[in-house]
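Q: Supplied in structure tokens, the structure appears directly below.
The values are calculated or read from the model by the stated rules, or taken from the named source; none is laboratory data. Small disclaimer: the values here were computed from a predicted structure and weren't measured. All Cβ positions, even for glycine, are placed from backbone atoms using ideal geometry, and neighbour counts span all protein chains on display.
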Amino acid sequence: MYQEAPYQPRRAARSEAASIRLHHYHVLAWGQPSAARPPLVLVHGWMDVAASYQFMVDALSEAFLEDRLVIAPDWRGFGHTTGPACDHYSFADYLGDLEFLLDHYAGDRPVDLVGHSMGGNVAMMYAGTRPARIRRLVNLEGFGMPATRPAQAPGRYARWIDEIRTLHAGGSALKTYDSQAGVAARLMKTNRRLPQGKADWLAGQWSEPRQDADGTTRWHILGDAAHRVVNPQLYRVEEALALYAHISAPTLMIEAEDDSLPGWWNGKFTLDEFHERLKSVPDLRRVVLPDCGHMLHHDQPERLAREIEGFLQAA
């Protein structure tokens, strides 16, 4: 039986470390900084890792990458970034981490920022908070969340406390796998377009083998189970719109042809609602990428690379 070989990256990434707000951040880097081109910063989504961008980086042209630094961090609680133990995470912490990462890699220089899914939401929030630090902004499938009402606050805080109690009782552990192949199969089940070779390679970036207490070796996902704890604070659309309106960078919203929102929110939030919110962004262009799902940087890295290149290099 034919067995597809694991993916072989075209451009090897450097593994770097940066001390960021009491955390030891793991950062992948390609290329070198120069005065000619701004750094390109790629931030990943929920339960993902920096290496998720490898396929897209490999698809970027030599001309685009010449004299350009590209970095992709593992967010706190993901990948190989380590830090103090915690039992929940908040968007404010991602904003603070991104601020210090840009200090470390770009100084006062504006950057081009790309964010996928949760990372796209963080990128939009940050660009509205620190507009002068972002030259151009690309949001990949970062849709925000359904609107909430103040009356939901008591229930939300109660749920947060209950989920923290469950976490500390050991009831929220992430699933482990008997092999790297098992992790690859899980990735392919989630994304039906992901080929075996890419899944095998991603599985090695997304998980690692560890010896459990009983002496058996299992493959563990490189993500903190505390990420599953609900945010205690409600998502306030008015705040999101105020941040959107404060973005000064030209912004490119790239969506997958497959609409993933119905599966996430069961009709509580739709693409039409999100597009209405996008009207608050002062300088926006929207593109729909064909034949791909939410993990569009895995499904269509070449097409995505062309869209990003064209946007970032436009006069």
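Q: State whether the residues of the range 254-266 include one that is in a helix (DSSP H, G or I) and within 18 Å of T129 (Cα to Cα).
A: no
Q: Would you confirm whether or not the range 2-9 contains a residue that is more than 30 Å from A314 (Cα to Cα), polar (S, T, N, Q), at pLDDT 95 or above and in contact with a strand residue (DSSP E or B) (Cβ under 8 Å, 6 or more places away or on another chain)?
A: No, the range 2-9 has no match at all.
Q: Does at least one position in the range 58-78 carry a residue that is surrounded by 19 or more Cβ atoms within 10 Å (Cβ to Cβ), farther than 19 Å from W46 by Cα, at pLDDT 95 or above and among the hydroxyl-bearing types (S, T, Y)?
A: For the range 58-78, residues surrounded by 19 or more Cβ atoms within 10 Å (Cβ to Cβ), farther than 19 Å from W46 by Cα, at pLDDT 95 or above and among the hydroxyl-bearing types (S, T, Y): absent.
Q: Can you confirm whether G119 is buried (at least 19 other Cβ atoms within 10 Å of the Cβ) and in contact with a helix residue (DSSP H, G or I) (Cβ under 6 Å, 6 or more places away or on another chain)?
A: Against the criterion (buried (at least 19 other Cβ atoms within 10 Å of the Cβ) and in contact with a helix residue (DSSP H, G or I) (Cβ under 6 Å, 6 or more places away or on another chain)), G119 does not qualify.
Q: In this structure, is R236 closer than 26 Å to Y94 by Cβ, within 18 Å of the chain's Cα centre (by Cα) and of a type in the set (K, R)?
A: Considered against the rule, which asks whether it is closer than 26 Å to Y94 by Cβ, within 18 Å of the chain's Cα centre (by Cα) and of a type in the set (K, R), R236 comes out as no.
Q: Still on this model: Only one of S61, S34, S52 is of a type in the set (S, T, Y), within 25 Å of E255 (Cβ to Cβ) and in contact with a Leu (Cβ under 9 Å, 6 or more places away or on another chain); which?
A: Going through S61, S34, S52 in turn, just one is of a type in the set (S, T, Y), within 25 Å of E255 (Cβ to Cβ) and in contact with a Leu (Cβ under 9 Å, 6 or more places away or on another chain): S52.
Q: Determine, yes or no, whether E309 is part of a helix (DSSP H, G or I), touching a Phe, Trp or Tyr at 6+ places or on another chain (Cβ under 7 Å) and not hydroxyl-bearing (S, T, Y).
A: Answer is yes for this residue.
Q: Within the range 247-266, identify whether any single residue is more than 20 Å from the chain's Cα centre (by Cα), under 27 Å from A127 (Cβ atoms) and among the hydroxyl-bearing types (S, T, Y), and answer yes or no.
A: Taking every residue of the range 247-266 in turn, at least one turns out to be more than 20 Å from the chain's Cα centre (by Cα), under 27 Å from A127 (Cβ atoms) and among the hydroxyl-bearing types (S, T, Y).
Q: Still on this structure, I have one more. What number of residues within the range 235-263 are surrounded by fewer than 20 Cβ atoms within 10 Å (Cβ to Cβ) and hydroxyl-bearing (S, T, Y)?
A: 3
Q: Residues in the range 16-57 that are assigned to a strand (DSSP E or B), surrounded by fewer than 22 Cβ atoms within 10 Å (Cβ to Cβ) and of a type in the set (S, T, Y): how many?
A: The total comes to 1.
Q: Still on this model: Just to be sure I understand the filter: pairs with C-beta atoms under 7 Å, separated by 6 or more residues or on different chains, first member in the range 184-203 and more than 13 Å from D48 (Cβ to Cβ), second member of a type in the set (D, E). Which pairs pass?
A: The qualifying pairs are A184/D200; R193/D299; P195/E4; Q196/E4; G197/E4.
Q: Further question: Is it the case that the range 71-81 has a residue that's among the polar types (S, T, N, Q), touching a residue at least 40 places away in the same chain (Cβ under 8 Å) and farther than 17 Å from A226 by Cβ?
A: No, there is no match, as no residue in the range 71-81 is among the polar types (S, T, N, Q), touching a residue at least 40 places away in the same chain (Cβ under 8 Å) and farther than 17 Å from A226 by Cβ.
Results for (1) modelled with pLDDT of 95 or more; (2) among the hydrophobic types (A, V, I, L, M, F, W, C); (3) loosely packed, with under 14 Cβ neighbours inside 10 Å, shown as yes or no for each residue.
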position: P146; (1), (2), (3): yes, no, no
position: P154; (1), (2), (3): yes, no, yes
position: R159; (1), (2), (3): yes, no, no
position: V183; (1), (2), (3): yes, yes, no
position: L187; (1), (2), (3): yes, yes, no
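Q: Another one. How about the range 94-120: which of its residues are touching a strand residue (DSSP E or B) at 6+ places or on another chain (Cβ under 6 Å) and part of a loop (DSSP other than H, G, I, E, B)?
A: P110
Q: Could you check the range 273-290 and list, in sequence order, the residues that are touching an Asp or Glu at 6+ places or on another chain (Cβ under 8 Å) and assigned to a strand (DSSP E or B)?
A: Hits for the range 273-290 are R286, V287, V288, L289.
Q: If you scan the range 171-224, which residues turn out to be part of a strand (DSSP E or B) and out of contact with any helix residue (DSSP H, G or I) (no Cβ under 6 Å at 6 or more places or on another chain)?
A: Within the range 171-224, T176, E208, P209, R210, Q211, T217, R218, H220, I221, G223 qualify.
Q: On to the next question. If we scan the range 82-91, do we find a residue that is over 18 Å from the mean Cα position of the chain (by Cα) and surrounded by 18 or more Cβ atoms within 10 Å (Cβ to Cβ)?
A: no
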